[in-house]
Amino acid sequence: MLASRFVSRFTSLAFSVACALGTAPANAADPALQDAVSMAGMQLYLNSGAPAVIIAVVRGDEVVIQGYGETAPGNGVEPDEHSVFRIASVSKVFATDVLASLAAKGKLKLTDPLAKYAPDGIQLQSHGRPITLLDLATHSGGLPRELPNPDAKPSDNPYAAFDRAYYWKWMSANKPAYVPGTTTLYSNLGFGLLGDALAKAAGTDYSTVLTNEVTRPAGLVDTTNVLNDAQKKRLMTGLDPFGKPDANATVPDVMYASAGIYSSASDMARWMRWHLDGARQAKEAFALDHLMWLPYDGLKSVVGTEVTDADGMGLGWVATLPRNGAPLLLGKSGGLGGFMSYAVLSPNRDLGIFVVASRVNFAMFENIHSQVRTLAAELAR
């Protein structure tokens, strides 16, 4: 089995990844850590039905990356730390990294009304009070999940129906469904608008502000909204919900903040390390980023944000208080373009876990969440 052959090479891979990330462990990684990650990754792979699964774990100065399966069905090529994939809606917590960074630098306030960053001539409707950037970041703006333009021309690209002009036109003509801050309703539209606001606050386009505030400071080399030719060669093939290879259609730039990012396991490990280092150093941006801003208790309703397994919303993160042996966790999942992803941080325990599977199967989410949380409980002890 491909996965078994990969496990046999695991120790050397773990060591090479650790060195690449700037650590110098005496024996690659703690054997208990290696074993826990290997077992969890194998279970995730065998239960996923996906051509490939990659798991990356950061704990203190230790880094373990494990891959299983094939980068494309039948090609016999095992995934590694440099394989490229989409992180789907995990892109949202990169957007809130930007939000926290700009807030810490005084370039915006979390409580700024979205209207402050609307295009010239656009007057936003309100329901009770204006929508703020914090409302968008916590999915509590009362906005629809999706907003395709009904007048979009037919296209082979399923994302072509989402466009910036229609987003803002709709916002100028429609009130939020609920008073902002009273209900969570997962909204890709909201994060598209947040991306526009972040770009305007920074005086540039969204990809540039993402680079300036996140990917460059974190030392990321494969995390991008637009792949170059070399990265395209390393892009894995994901399967759509019907088990067929996904066409990997590109998303318009108004979707970059909600679901636009491509990355690699090496970069995701670096990103988690950057978060955990920032928390250890008590940097303001990370203090903002790791707070639970909107407890579920007392909200009128909670839809689309993992209500049964969580306690509230951070900046894009779903926050879960310690329970059943697991520590405080910040989690974000995603599914798009043939890939399903899940990132978990435990800043209090200096722990980060990331998993990606190359198949969109939403019934698989519960299994991924459960196994990752179990692994977090094991590794946080």
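The values are calculated or read from the model by the stated rules, or taken from the named source; none is laboratory data. Just so it is clear, the model here is predicted, and its values are computed rather than measured. Methodologically, a virtual Cβ is constructed for each residue, glycine included, from the backbone with ideal geometry; neighbour enumeration extends over all protein chains shown.
Give the residue that is surrounded by the fewest Cβ atoms within 10 Å (Cβ to Cβ), with candidates limited to residues of segment 311-342 that are at pLDDT below 90 and either part of a loop (DSSP other than H, G, I, E, B) or aromatic (Phe, Trp, Tyr) (or both). Within segment 311-342, the match that is surrounded by the fewest Cβ atoms within 10 Å (Cβ to Cβ) is 324. Once segment 153-164 is narrowed to residues that are in contact (Cβ under 8 Å) with a residue 12 or more places away in the chain and more than 14 Å from residue 256 (Cα to Cα), the residue that is surrounded by the fewest Cβ atoms within 10 Å (Cβ to Cβ) is 156. Filtering segment 225-279 to residues that are under 21 Å from residue 316 (Cα atoms), outside any helix (DSSP H, G or I) and aliphatic (A, V, I, L, M) leaves 251, 261. For segment 108-161, the set of residues classified as of a type in the set (Lys, Arg) and under 26 Å from residue 179 (Cα atoms) consists of 109, 116, 129, 145, listed by residue number.
Residues in segment 140-151 include none that are of a type outside the set (S, T, N, Q) and under 20 Å from residue 203 (Cα atoms). When the residues of segment 354-375 are filtered to those that are part of a strand (DSSP E or B) and not β-branched (Val, Ile, Thr), the one that is surrounded by the most Cβ atoms within 10 Å (Cβ to Cβ) is 357.
Would you say residue 95 is at pLDDT 95 or above, among the aliphatic types (A, V, I, L, M) and over 30 Å from residue 292 (Cα atoms)? No: the conditions fail for residue 95.
The one condition from (1) of a type in the set (A, V, I, L, M, F, W, C); (2) over 17 Å from the mean Cα position of the chain (by Cα); (3) at pLDDT 95 or above; (4) not in a helix (DSSP H, G or I) that residue 199 does not meet is (4).
Within the set 112, 135, the sole residue that is surrounded by 14 or more Cβ atoms within 10 Å (Cβ to Cβ) and either without any contact (Cβ under 8 Å) to a residue 40 or more places away in the chain or in contact with a Leu (Cβ under 6 Å, 6 or more places away or on another chain) (or both) turns out to be 112.
In the condition set (1) closer than 22 Å to residue 340 by Cα; (2) at pLDDT 95 or above, residue 212 is compliant with all but (1). Residue check: residue 105 meets all listed conditions (1) touching a strand residue (DSSP E or B) at 6+ places or on another chain (Cβ under 6 Å); (2) within 30 Å of residue 181 (Cα to Cα); (3) surrounded by fewer than 24 Cβ atoms within 10 Å (Cβ to Cβ) but one, namely (1).
Scanning segment 217-224 for residues that are within 21 Å of residue 264 (Cβ to Cβ), in a loop (DSSP other than H, G, I, E, B) and in contact with a Ser or Thr (Cβ under 7 Å, 6 or more places away or on another chain) turns up at least one hit. Restricting attention to segment 67-91 and to residues that are in contact with a Ser or Thr (Cβ under 6 Å, 6 or more places away or on another chain) and either among the acidic types (Asp, Glu) or surrounded by 24 or more Cβ atoms within 10 Å (Cβ to Cβ) (or both), the residue that is farthest from residue 339 (Cα to Cα) turns out to be 81.
Checking each residue in segment 172-206 for being polar (S, T, N, Q) and touching a Pro at 6+ places or on another chain (Cβ under 7 Å) picks out only 187. Is it the case that segment 145-158 has a residue that's polar (S, T, N, Q), modelled with pLDDT of 95 or more and assigned to a helix (DSSP H, G or I)? Among the residues of segment 145-158, not one is polar (S, T, N, Q), modelled with pLDDT of 95 or more and assigned to a helix (DSSP H, G or I), which makes the answer no. For segment 166-181, the criterion of a residue being closer than 24 Å to residue 305 by Cβ, of a type in the set (Val, Ile, Thr) and modelled with pLDDT of 95 or more is satisfied by at least one position. I'd like the residue in segment 276-310 that is among the small types (Gly, Ala, Ser) and at pLDDT below 95 and, out of all such residues, is surrounded by the most Cβ atoms within 10 Å (Cβ to Cβ). Per the criteria, the residue is 310. Scanning segment 174-185 for residues that are surrounded by fewer than 19 Cβ atoms within 10 Å (Cβ to Cβ) and under 22 Å from residue 149 (Cα atoms) yields 174, 175, 177. Taking the numbered list (1) out of contact with any strand residue (DSSP E or B) (no Cβ under 6 Å at 6 or more places or on another chain); (2) in contact (Cβ under 8 Å) with a residue 24 or more places away in the chain in turn, residue 74 passes all entries but (2).
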